[in-house]
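To start, the structure itself, in structure tokens.
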Amino acid sequence: MSEWQKTDWRSKPRVQMPDYTNAAALNAVEAQLSKYPPLVFAGEARRLKQNLGAAGRGEAFLLQGGDCAESFDQFSADAIRDTFKVMLQMAMVLTYGAKVPVVKVGRMAGQFAKPRSAPTETIDGVELPSYRGDIINELDFTAAARIPNPKKMLQAYTQAAATLNLLRAFSTGGFADMSRVHSWTLGFTDEQEVQKYSEIATRIQDTIDFMAAAGITADTTHEFSTVDFYTSHEGLLLEYEEALTRLDSTSGKWLAGSGHMIWIGDRTRQPDGAHVEFCRGVLNPIGLKCGPTTTAEDLKVLMARLNPENEEGKLTLIARFGAGKAGEHLPRLVKAVKEEGAKVTWVCDPMHGNTIKSSTGYKTRPFDSVLREVRDFFGVHKAEGTIPGGVHFEMTGQDVTECTGGVRAVTDEDLSDRYHTACDPRLNASQSLELAFLVAEELSALRASQTTRQVG
Ligand code: PEP
Ligand code: CO
């Protein structure tokens, strides 16, 4: 078999990608991007792979989160800082429940291209091509805005580079200092809300106070002042991905230089399609969304194709079935993994199977459905004796009103107040933190039952 080439996807059937009409403009952008530096390095991608391998064994837990779609308009240092901060707070709460390190991966610095359920959108009798993310076209409902423009890839690269630069500064420049992050109840304003989680909250606070008293602080301990934070996005726009793919001179392997981890969406995981062809050739850890239509046979083919050497941490399976549906779909996939002896990291995305239209006309997700899917996911793994390795959320550090429910009880009527997402509804800071507390409880219970099993 001949060596994989980064252009091989071009001869495979492609879906969900734009038809650029101006070939010369497209070629010029690709040529320019190919000369730009990669955003991430191979050593980082390898380290993330090791961490994800640990999550697959139950020795770490993945927290992956961020916007459904990053936007050019809403790009700001504050938004990046707030999401980063909430993720650190969530990680602290989850560490308490899982009693293992939490691997932090943002849906950031490249999460621009979106698959859509329909190629066109009709409003008041006017039909236009669908919006496909800021890297491709524009959200405005005009014919001009919806034409795919390859130059947007250059703006996406610039924004991704600036985002990553800030994330790297936050991770190592003192912002991640525990003593700053530990005001983790910040997302909750009201005493009562804090009370609800007081047991875990008090224990974490006690631990931090104890360590500080013992002299273990950011000043004395490197681990408390810096954090590893990785980036990820759906590898959907393959012209962009190919242009940023580089040969790693250390290993002689190809690196997708656009982000540490890239994933394949539920709509682009055809085993013989362009997206699987591209992702199979790069050394980065790969995510694969698994939905209600994923068959055991397809999963077996995909695992063999995407992780032929059965490397730990290489393949993360991101289950997204919808509340109440994991019991129907997840066991057949867990069984397929067992039959193949495949090494995978199982992660729950409780967002994408739970999108509904509110009575007020907004695309939303009820907090309770999100929580229920996480619990279903844990339940199946407990029954199968397999390992829930992490969670994947669409969330923001901003105080938006896009998902309903949570302790502050966002209602259908509230959705219009601060509904800012360019695509799917996100959990706000308070809902994200609340979910972290609830997932921590699940993890604690699971650990307790496993300990009992070992003892008994
Ligand atoms: C997404 O993660 O934003 C997404 C489109 O997910 P999925 O492919 O699972 O529908
Ligand atoms: Co989404």
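The values are calculated or read from the model by the stated rules, or taken from the named source; none is laboratory data. Since the model is a prediction, treat every value here as computed from it, not as a measurement. Backbone-built Cβ (ideal geometry, glycine too); neighbour counts: all protein chains shown. Areas reflect the complete protein model, heavy atoms only, side chains present, ligands, DNA and RNA absent. Shrake-Rupley method; radii C 1.70, N 1.55, O 1.52, S 1.80 Å.
A few remarks follow.
- The residue of segment 346-399 that is farthest from the chain's Cα centre (by Cα), among those that are within 16 Å of ligand 1 (Cβ to nearest atom) and of a type in the set (Val, Ile, Thr), is 356.
- The residues listed here are 257, 281, 265; of these, the one that is modelled with pLDDT of 95 or more, under 21 Å from residue 300 (Cβ atoms) and away from ligand 1 (no atom under 16 Å from the Cβ) is 281.
- Against the criterion of being at pLDDT 95 or above, among the charged types (D, E, K, R) and farther than 28 Å from residue 224 by Cβ, residue 168 does not qualify.
- Neighbours by Cβ (under 7 Å, 6+ apart or cross-chain): first from segment 382-409, farther than 23 Å from residue 99 by Cα; second among the aromatic types (Phe, Trp, Tyr) and assigned to a helix (DSSP H, G or I): 403/367; 404/367; 405/367; 406/367
- Count - residues of segment 417-429 that are more than 16 Å from ligand 2 (Cβ to nearest atom) and either modelled with pLDDT under 90 or of a type outside the set (Gly, Ala, Ser) (or both): 2
- Boolean, residue 113 is of a type in the set (Gly, Ala, Ser), away from ligand 2 (no atom under 16 Å from the Cβ) and touching an Asp or Glu at 6+ places or on another chain (Cβ under 9 Å): no
- Residue check for residue 209: in a loop (DSSP other than H, G, I, E, B), more than 16 Å from ligand 1 (Cβ to nearest atom), at negative phi and out of contact with any Asp or Glu (no Cβ under 7 Å at 6 or more places or on another chain): no
- Flag for residue 94 being outside any helix (DSSP H, G or I) and within 17 Å of the chain's Cα centre (by Cα): no
- Test: residue in segment 47-60 that is under 18 Å from the mean Cα position of the chain (by Cα) and of a type in the set (D, E, K, R): yes
- Checking residue 215 against (1) without any contact (Cβ under 8 Å) to a residue 40 or more places away in the chain; (2) open to solvent by 40 Å² or more (accessible area, probe 1.4 Å); (3) part of a loop (DSSP other than H, G, I, E, B), the condition it does not meet: (2)
- Residue 373 in contact (Cβ under 8 Å) with a residue 12 or more places away in the chain, more than 16 Å from ligand 2 (Cβ to nearest atom) and of a type outside the set (Val, Ile, Thr): no
- Filter result for residue 41 (among the aromatic types (Phe, Trp, Tyr) and either open to solvent by 10 Å² or more (accessible area, probe 1.4 Å) or modelled with pLDDT under 95 (or both)): yes
- Yes/no for residue 241 being more than 15 Å from ligand 1 (Cβ to nearest atom), out of contact with any Leu (no Cβ under 8 Å at 6 or more places or on another chain) and at pLDDT 95 or above: yes
Here's the yes/no breakdown for (1) over 19 Å from the mean Cα position of the chain (by Cα); (2) among the polar types (S, T, N, Q):
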| residue | (1), (2) |
| --- | --- |
| 407 | yes, no |
| 411 | yes, yes |
| 418 | yes, no |
| 436 | no, no |
| 444 | yes, yes |
| 449 | yes, yes |
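- From the list 379, 353, 361, the one residue that fits, being closer than 27 Å to residue 313 by Cβ, away from ligand 2 (no atom under 16 Å from the Cβ) and of a type outside the set (Ser, Thr, Tyr), is 379.
- Summed over segment 374-407, the residues that are of a type in the set (D, E, K, R) and crowded, with 24+ Cβ neighbours inside 10 Å give a count of 2.
- Within segment 408-429, being assigned to a helix (DSSP H, G or I) and open to solvent by 10 Å² or more (accessible area, probe 1.4 Å) holds for 413, 414, 416, 429.
- Flag if residue 210 is more than 27 Å from the chain's Cα centre (by Cα) and at pLDDT 85 or above: yes
- Of all residues making up segment 59-76, the number that are in contact with a Phe, Trp or Tyr (Cβ under 8 Å, 6 or more places away or on another chain), small (Gly, Ala, Ser) and in a loop (DSSP other than H, G, I, E, B): 1
- If you go through segment 19-46 and keep only what is under 23 Å from the mean Cα position of the chain (by Cα) and in a loop (DSSP other than H, G, I, E, B), you end up with 38, 39, 40, 41.
- Enumeration of residues in segment 262-292 that are away from ligand 2 (no atom under 16 Å from the Cβ), within 16 Å of residue 240 (Cβ to Cβ) and of a type in the set (S, T, N, Q): 284
- Members of segment 89-121 found to be open to solvent by less than 30 Å² (accessible area, probe 1.4 Å) and among the charged types (D, E, K, R), listed by number: 104, 107, 114
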